[in-house]
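Below you'll find the structure, written out as structure tokens, and then a few comments.
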Amino acid sequence: MKIIDGRELARQIREKLKLRIEALGVQPRLAVVLAGDDYASQVYVRNKRKAAEETGMVCEVHHLSAEASFDELAALVDGLNRNPSVHGIIIQMPLPLHLNNNEALRLIDEAKDVDGFGIRNAGLLMQNQVEAVVPATPKGVLVMLKSTGVNLAGKHAVIIGRSNIVGRPLACLLLNQDCTVTVTHTLTENIENIARQADILVAACGCPKLVKESWIKEGAVVIDVGINRVDGRLCGDVDFDEAAAKAAFLSPVPGGVGPMTIAMLLENTCEACEKQLRERK
């Protein structure tokens, strides 16, 4: 079994981005909107900011209170949309319960939607259009899969989880790579048997150590997107020790998809900056 080292892949991507930014002569600027005091969100934002600054980007955090109204959120995002020095905008999820996530995402200018969660980018991805901004986690998963050297065409990929953030866009990405894709979820019957048919198995359901050795086909590539905290320690949706007995390639938690997600967000921001600079010429 070979470990897919997300930290090393992410480091390589950031090094390439540094060169692109130096060639641009402009620092890409990412604006992160954070509402409330969710601890996990604050940690994620801090990690994004650190990685951005190390790569030569500017990452500014706009913090709203947990009681902020939708109008306050809309006014903030509108100002960022209008600011030509801001190249990418993300709204850190989850938002406080009184704010609608989908309505909030629609506030972001399509050209600055570096998370790729907007309706236009989702539609472009569905149609396999090259101009689609691909959500960072699925984009990172695809890079990790390609790093194995396994030919994806014709492979059966099974995704556990159907979220708009991971499962659905990843299904489109893998279809675009000529995989045969099955998406499973909480109501899927015989999910273990379906998982065992997968040449490529991606777990993204938020269930700690759900995927056991019996779920995995001999020689499969297994990507663990889950990040769970159990007894004070991080673990994924895959039981790593059990999966290692069957998988040919396996991503760890931590050190797998997490660093790649941040690297892909930075790449999306750099690409948005490059595109906006071209359009202004």
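Net charge in the neighbourhood of residue 66 (other residues with Cβ under 14 Å of its Cβ; Lys, Arg +1, Asp, Glu -1) is -4. Residues of the stretch 240-262 with an amide N closer than 11 Å to a point placed 7 Å from the Cα of residue 228 along the Cα-to-Cβ direction: 240. Between the residues 55, 76, 108, the greatest Cα displacement towards the positive end of the dipole of the stretch 25-109, with unit charges on the Cβ of Lys, Arg, Asp and Glu, is found for 55.
Taken about its Cα centre, the chain carries a charge dipole of about 700 debye when Lys and Arg each add +1 at the Cβ and Asp and Glu each add -1 at the Cβ.
Taking amide H as placed 1.01 Å from N in the peptide plane, residue 156 has its amide H under 5 Å from the amide H of 180, 199, 200, each at least 5 places away in sequence or on another chain. Only one residue of 117, 184, 23 has its Cα farthest out toward the positive end of the dipole of the chain, where Lys and Arg carry +1 and Asp and Glu -1 on Cβ, and that residue is 23.
Applying both filters, DSSP loop and at most 14 other Cβ atoms within 10 Å, to the GluC sites (Glu not before Pro) of the stretch 49-98 gives 67.
For the chain, a Gaussian network of Cα nodes joined below 10 Å ranks 132, 75, 244 by mean-square fluctuation, and the top entry is 75.
Less than 5 angstrom separates the built amide H of residue 133 from none of the residues sequence-distant by 5 or more or on a different chain.
I need the shape label for the stretch 136-258. Rule: rounded when a/c is under 1.5, else prolate if a/b > b/c, else oblate, with a, b, c from the alpha carbon gyration tensor. Rounded.
Assuming charge only on the beta carbon of Lys and Arg (+1) and of Asp and Glu (-1), the dipole of the stretch 206-281 about its Cα centre is about 340 debye to the nearest 20. Only one of (1) 57, 46, 32; (2) 52, 42, 35; (3) 48, 38, 38 was calculated from the structure for Cα extents along the principal axes in Å, and its label is (2). For the pair residue 242 and residue 277 in one chain, pulling the backbone fully straight at 0.36 nm per residue adds 7.7 nm over the alpha carbon distance. Computed from the Cβ-Cβ distance with R0 of 30 Å, the FRET efficiency linking residue 106 to residue 18 stands at 0.35. Kindly identify the stretch 25-109 as rounded, prolate or oblate by the Cα gyration tensor criterion: order the square roots of the eigenvalues as a ≥ b ≥ c, call it rounded if a/c is under 1.5, otherwise compare a/b with b/c, prolate if a/b is larger, else oblate. Since a/c reaches 1.5 but b/c is at least a/b, the shape of the stretch 25-109 is classed as oblate. Going by neighbour counts of Cβ atoms within 10 Å, the residues 44, 39 line up, fewest first, as 39, 44. Basic side chains Lys and Arg get +1 at the Cβ, acidic Asp and Glu get -1 at the Cβ, and with that the dipole of the stretch 136-258 about its Cα centre reaches some 340 debye. Here the spin labels are modelled as points 7 Å beyond Cα on the Cα-Cβ line, and at residue 93 and residue 153 they lie 3.3 nm apart.
Rounded to the nearest Å, what's the spacing between the alpha carbon centres of the stretch 100-167 and the stretch 183-238? Just the number, please. Measuring centre to centre over Cα atoms gives 19 Å. Loop-located GluC sites (Glu not before Pro) in the stretch 203-281 (DSSP state other than H, G, I, E, B) with a sparse environment of at most 11 neighbouring Cβ atoms within 10 Å: 218. Round to the nearest 0.05 the FRET efficiency obtained for residue 26 and residue 163 when R0 = 35 Å and r is the Cβ-Cβ distance. Efficiency computed from Cβ-Cβ geometry: 0.55.
Only the coordinates and a few stated rules stand behind these numbers; no lab work does. Because the structure is a prediction, the values reported are computed rather than measured. Glycine also receives a Cβ, built like all others from the backbone with ideal geometry; neighbour counts cover every protein chain displayed.
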